[in-house]
Amino acid sequence: MGLLEGRRGVVTGGASGIGRGAARRLAAEGARVAIVDVDGDAAAKVAAELDGLSYGVDVRDTDAVREAFDDAAADLGGLDVVFNNAGTGSIARLHEYDPAEFKRVVDVNLLGVWNGIRAAVPHMLAAGGGSIVNTSSISGLRPSPGEGPYAAAKAGVTALTQSAALEYGSRGVRVNAVAPGAIWSAMTTPLLQLGEWEQEWTRRTPLGRIGDPEDIGDVVVFLCSDLSRYITGQVIVVDGGMTLHGAGIDGVLDFVMGMVEGGQ
Ligand SMILES: NC(=O)c1ccc[n+]([C@@H]2O[C@H](COP(=O)([O-])OP(=O)(O)OC[C@H]3O[C@@H](n4cnc5c(N)ncnc54)[C@H](O)[C@@H]3O)[C@@H](O)[C@H]2O)c1
């Protein structure tokens, strides 16, 4: 019997990368899963693979997120586990950030997580408990140059996680976060395949490899399961030890700006 047999879940950003890896692991442990993603077609493909549900929704849309979660809960018969994972990033110097891009990055990564918490909590309170996991990042704990709005939003995810843990713990709802290091995904593959970044980040990682989405998915399973029943308000760093060096993903700004400015 799986660790999550009979649980009902939602994964945002579940159409790709870490979200898809986590959705597969949740399903493998017995959960039924709904995928919420702005890419509705890709979400439908993952849902079909897992015998789940899918919703083409932008996590910045507060009402649409609530509608999707309500619909998923009605269809699945409740909501026990939620992985608020949808996210996006970009690289620029702070004083050169386009204001609309700054807002987009903050809204997807931070407002999107609040929208998920807001939509999930009523179902969990009604059922007497549940587990919410949010995706932060090592960048939210130790920013690297060039990722200002992303790092600020991810630090905000930590604060939001702790606030929610405080507000709902006594009513059976646990809220934690994962902070991935360098993980293969649609977000990172283009960078990792440029220049020497795969070798460089591998060299900076004590465990000696770039992570796979399932490396995060297994921690999400743990945080959603009863194995973590006495854990709430925590941010679990899953980075192969990368931040032990304190370096994070430093160097990306110079590399990207060098390419952009060199190409001009
Ligand atoms: N890959 C890494 O190295 C890494 C490291 C730290 C944190 N993260 C975080 O992990 C999460 C997943 O990223 P990933 O690496 O799997 O990238 P990814 O691009 O493979 O997956 C992101 C998913 O989120 C969806 N998405 C993006 N914007 C959305 C929106 N507005 N509404 C709904 N869905 C949206 C995308 O369609 C995609 O399916 C993000 O929060 C990211 O910040 C990733």
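The values are calculated or read from the model by the stated rules, or taken from the named source; none is laboratory data. Not measured: the values here are computed from a predicted model. Cβ placement follows ideal geometry from the backbone for every residue including glycine, while neighbour counts extend to all protein chains displayed. To get the accessible areas, we keep the full protein, side chains included, count just its heavy atoms, and leave off ligands, DNA and RNA. Shrake-Rupley method; radii C 1.70, N 1.55, O 1.52, S 1.80 Å.
So the values come out like this:
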{"item": "Output for the stretch 12-48, where each listed residue is assigned to a strand (DSSP E or B), within 10 Å of the ligand (Cβ to nearest atom) and either farther than 14 Å from S185 by Cβ or of a type in the set (S, T, N, Q) (or both)", "result": "T12, I35, V36"}
{"item": "Residues located in the stretch 1-53, provided they are under 18 Å from L79 (Cβ atoms) and either open to solvent by 60 Å² or more (accessible area, probe 1.4 Å) or modelled with pLDDT under 95 (or both)", "result": "L3, E5, R32, D51"}
{"item": "Helices (runs of 4 or more DSSP H) within the stretch 171-262 that include 1 or more residues in contact with a Pro (Cβ under 7 Å, 6 or more places away or on another chain) and crowded, with 16+ Cβ neighbours inside 10 Å", "result": "213-224, 252-262"}
{"item": "Residues located in the stretch 80-101, provided they are surrounded by fewer than 18 Cβ atoms within 10 Å (Cβ to Cβ) and either away from the ligand (no atom under 12 Å from the Cβ) or in a helix (DSSP H, G or I) (or both)", "result": "R93, L94, H95, E96, Y97, D98, P99, A100, E101"}
{"item": "Whichever residue in the stretch 118-151 is surrounded by fewer than 19 Cβ atoms within 10 Å (Cβ to Cβ), more than 12 Å from the ligand (Cβ to nearest atom) and of a type outside the set (K, R) and, among such residues, is nearest to V65 (Cα to Cα)", "result": "P122"}
{"item": "Criterion violated by D75 - all others in (1) open to solvent by 30 Å² or more (accessible area, probe 1.4 Å); (2) out of contact with any helix residue (DSSP H, G or I) (no Cβ under 6 Å at 6 or more places or on another chain); (3) part of a helix (DSSP H, G or I); (4) within 14 Å of the ligand (Cβ to nearest atom) satisfied", "result": "(4)"}
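Residue by residue, here is whether (1) more than 15 Å from the ligand (Cβ to nearest atom); (2) under 18 Å from the mean Cα position of the chain (by Cα); (3) modelled with pLDDT of 95 or more; (4) not hydrophobic (A, V, I, L, M, F, W, C) holds:
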site	(1), (2), (3), (4)
P190	no, no, no, yes
G211	no, yes, yes, yes
S228	yes, no, yes, yes
G241	no, no, yes, yes
A247	no, no, no, no
F255	yes, no, no, no
